[in-house]
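The structure appears below as structure tokens.
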Amino acid sequence: MEKMTFIDLFAGAGGLSEGFVKVGFEPIAHVEMDAHACKTLETRNYYYALKKANKLQVYYDYLLGNISHEDLSENVLNKLNNVINASIGDNNTNIFNRIDELCQGREVDLIIGGPPCQAYSVVGRHRINKLEQDDPRNLLYRQYARFLKRYNPKVFVFENVLGILSAEEGRYFNNIKVYFRTLGYELDSRVLNTSDYGVLQNRKRVIIIGWKKGSGFSYPELVAESNPYTVADILEDLAHLNPGDLNPVTKYAKDTNEYLKKYAIRSDVDFVTQHVARSHNDRDLEIYRIAIDKWLSNKERLKYADLPERLKTHKNQTSFTDRFKVVDIDNYSHTVLAHIAKDGHYYIYPSREQVRSLSVREAARIQSFPDSYYFEGGRSAAFKQIGNAVPPLMALRIAEEIKGSL
């Protein structure tokens with residue numbers, strides 16, 4: 001039997017796609033405007049192709065730095081480049097033409113994706129006071145809808161931030177629902193917290209699922225799972241790390257644990273990549289030590305106004321007072337955002353012995369990416385991709401239920 005197929009729009013690094021691939025859906029195309037994320041998607045495609053061909057050692061040689069990305073590509077037989085590096089906008093002709101080629105006569109069963117969410121985010125609205133009426137990001141759902149009209153999938157999944165519910169007093173969200181219904185779809189939405197699906201992070205997202213009218217489909221029952229694990233389960237097997245260490249490959253420091261095995265986070269080899277953290281200046285390190293001590297001693301968050309004057313660099317001491325935040329090792333992490341690419345102040349490692357911000361691999365694990373997932377483009381690009389991603393474990397649960405219903 002042919003696999004059910006999907007198109008991934010606004011694909012990012014592929015977190016949403018990863019869940020659907022894991023349960024057997026076949027990606028016809030990933031459409032993404034960021035070049036680094038596109039290379040990440042290509043690398044992930046090579047991983048799956050080499051795994052299918054029982055040639056994973058080639059992939060691991062790439063991670064170890066023994067071969068180039070070009071060498072990696074040359075080891076993949078019958079590869080079909082389904083990653084489209086393009087911006088979805090008013091003229092999607094070239095994207096449509098390329099997807100038509102990739103379809104090879106097959107129907108599209110599913111379209112998934114989440115348009116960039118800055119226009120709907122609470123922080124974004126605070127910064128500009130109100131949504132600009134002419135901001136094109138507010139209408140990206142209409143671009144998403146163009147793909148629904150052209151490929152007529154059985155089901156679609158549309159992911160976004162909570163702010164989409166309240167933007168312009170709910171008008172935008174209502175417009176989205178009305179517009180999708182005019183295309184012949186019924187739909188429903190839920191606010192899902194990733195921590196209910198194995199992700200060790202409190203991250204709430206709006207998930208709209210739509211289906212063709214009269215198909216008998218309905219919004220799947222996504223039952224929350226017991227999740228007794230904590231961030232400690234993510235951190236304990238990774239090597240001690242100093243800020244600014246430049247080791248692209250490190251050995252695991254301990255044996256695996258129940259969480260890492262249950263959710264297939266850890267690789268089946270003895271090394272891990274991208275366990276690298278940014279360097280910090282002396283002032284920031286001193287602030288980190290204060291924040292870590294307050295949190296580990298009393299579960300108390302550092303407030304910027306309480307810092308010694310010599311450590312303050314901002315005049316504004318009333319907004320974003322928790323700009324320095326330690327990750328809770330005894331619980332789930334707070335939400336990982338793309339801002340982690342700019343600085344690590346909001347993601348301080350929870351240990352007096354390792355005074356630094358999170359490494360790329362630690363952030364990826366908090367987002368539930370497996371250790372075999374490699375993010376291209378360097379450290380800052382990797383952080384950005386991770387922060388923008390849909391956690392694969394939540395995507396997996398959505399994909400399982402949709403597959404069962406279809």
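Before we move on, is residue 35 farther than 19 Å from residue 268 by Cβ and loosely packed, with under 14 Cβ neighbours inside 10 Å?
Details: farther than 19 Å from residue 268 by Cβ: yes; loosely packed, with under 14 Cβ neighbours inside 10 Å: yes.
When the stated conditions are applied, residue 35 passes them.
Looking at 73, 87, 68, which one is farther than 28 Å from residue 406 by Cβ, of a type outside the set (Phe, Trp, Tyr), touching a helix residue (DSSP H, G or I) at 6+ places or on another chain (Cβ under 7 Å) and not assigned by TED's automatic domain parsing to the domain that holds residue 250? Explain how you work it out, then say what you get.
Details: 87 fails: touching a helix residue (DSSP H, G or I) at 6+ places or on another chain (Cβ under 7 Å); 68 fails: touching a helix residue (DSSP H, G or I) at 6+ places or on another chain (Cβ under 7 Å).
The conditions single out 73.
Out of all the residues in the stretch 162-209, which are modelled with pLDDT of 95 or more, over 22 Å from residue 229 (Cβ atoms) and part of a loop (DSSP other than H, G, I, E, B)?
Passing the criteria: 183, 184.
Is it fair to say residue 232 is of a type in the set (Gly, Ala, Ser), surrounded by fewer than 16 Cβ atoms within 10 Å (Cβ to Cβ) and either under 21 Å from the mean Cα position of the chain (by Cα) or in a helix (DSSP H, G or I) (or both)? Don't jump to the end; show me each part of the working.
Working: of a type in the set (Gly, Ala, Ser): yes; surrounded by fewer than 16 Cβ atoms within 10 Å (Cβ to Cβ): yes; either under 21 Å from the mean Cα position of the chain (by Cα) or in a helix (DSSP H, G or I) (or both): yes.
Taking the combined requirement at face value, the residue satisfies it.
Tally the residues that are small (Gly, Ala, Ser) and farther than 27 Å from residue 337 by Cα, restricting the search to the stretch 174-211. Working first, answer last.
Restricting attention to the stretch 174-211, the residues satisfying the condition of being small (Gly, Ala, Ser) are 184, 189, 195, 198, 210.
This time we only want the ones that are farther than 27 Å from residue 337 by Cα, so: 184.
Residues that pass the stated criteria total 1.
State whether one or more residues within the stretch 287-307 are out of contact with any strand residue (DSSP E or B) (no Cβ under 8 Å at 6 or more places or on another chain), under 15 Å from residue 237 (Cα atoms), surrounded by 10 or more Cβ atoms within 10 Å (Cβ to Cβ) and modelled with pLDDT of 95 or more.
no
As an exercise: evaluate residue 250 against (1) within 25 Å of residue 11 (Cα to Cα); (2) outside any loop (DSSP other than H, G, I, E, B) and give the number of the one condition it does not meet.
Only one criterion in (1) within 25 Å of residue 11 (Cα to Cα); (2) outside any loop (DSSP other than H, G, I, E, B) is unmet by residue 250, namely (1).
Considering only residues of the stretch 252-273 that are in contact (Cβ under 8 Å) with a residue 60 or more places away in the chain and polar (S, T, N, Q), which is surrounded by the most Cβ atoms within 10 Å (Cβ to Cβ)?
Checking each candidate, the answer is 273.
Restricting to the stretch 280-332, what's the tally of residues that are in a loop (DSSP other than H, G, I, E, B) and not aromatic (Phe, Trp, Tyr)? Before the answer, list the steps.
Here is the first cut: in the stretch 280-332, the residues in a loop (DSSP other than H, G, I, E, B) are 280-281, 299-303, 307-308, 312-325, 327-332.
Filter once more, keeping what is not aromatic (Phe, Trp, Tyr): 280-281, 299-303, 307-308, 312-319, 321-323, 325, 327-331.
Residues that pass the stated criteria total 26.
Spot the failing condition for residue 153; the list is (1) at pLDDT 90 or above; (2) out of contact with any strand residue (DSSP E or B) (no Cβ under 7 Å at 6 or more places or on another chain); (3) assigned to a loop (DSSP other than H, G, I, E, B), and only one is missed.
(2)
Would you mind finding the one in 267, 218, 226, 279 that is of a type in the set (S, T, N, Q) and over 28 Å from residue 392 (Cα atoms)? Break it down stepwise before answering.
Details: 267 fails: over 28 Å from residue 392 (Cα atoms); 218 fails: over 28 Å from residue 392 (Cα atoms); 226 fails: over 28 Å from residue 392 (Cα atoms).
Of 267, 218, 226, 279, the one residue that is of a type in the set (S, T, N, Q) and over 28 Å from residue 392 (Cα atoms) is 279.
Quick check on the stretch 361-383: of everything there that is over 23 Å from residue 193 (Cβ atoms) and of a type in the set (D, E, K, R), which residue is surrounded by the fewest Cβ atoms within 10 Å (Cβ to Cβ)?
Taking the stretch 361-383 as the starting set, the residues that turn out to be over 23 Å from residue 193 (Cβ atoms) are 361, 371-372, 374-382.
Still in the list and also of a type in the set (D, E, K, R): 361, 371, 376, 379.
Values: 361: 25, 371: 24, 376: 19, 379: 16.
Ranking the qualifying residues of the stretch 361-383, first place goes to 379.
Cβ-Cβ below 7 Å, separation at least six or inter-chain, first residue in the stretch 48-76 and on the phi < 0 side of the Ramachandran plot, second of a type in the set (Asp, Glu) and part of a helix (DSSP H, G or I): which pairs?
67/61
Mind checking which pairs have a first residue in the stretch 201-228 that is closer than 17 Å to residue 177 by Cα and a second that is exposed (fewer than 12 other Cβ atoms within 10 Å of the Cβ) and of a type in the set (A, V, I, L, M), Cβ under 9 Å, 6 or more apart or different chains?
205/191; 206/191; 207/191
Would you point out which residue out of 357, 405, 351 is under 21 Å from residue 289 (Cα atoms), more than 22 Å from the chain's Cα centre (by Cα) and small (Gly, Ala, Ser)? Please lay out each step first, then the result.
Working: 357 fails: more than 22 Å from the chain's Cα centre (by Cα); 405 fails: under 21 Å from residue 289 (Cα atoms).
None of the other options fit; the residue is 351.
The values are calculated or read from the model by the stated rules, or taken from the named source; none is laboratory data. All figures in this text were calculated on a predicted structure; none of them were measured in a lab. Glycine also receives a Cβ, built like all others from the backbone with ideal geometry; neighbour counts cover every protein chain displayed.
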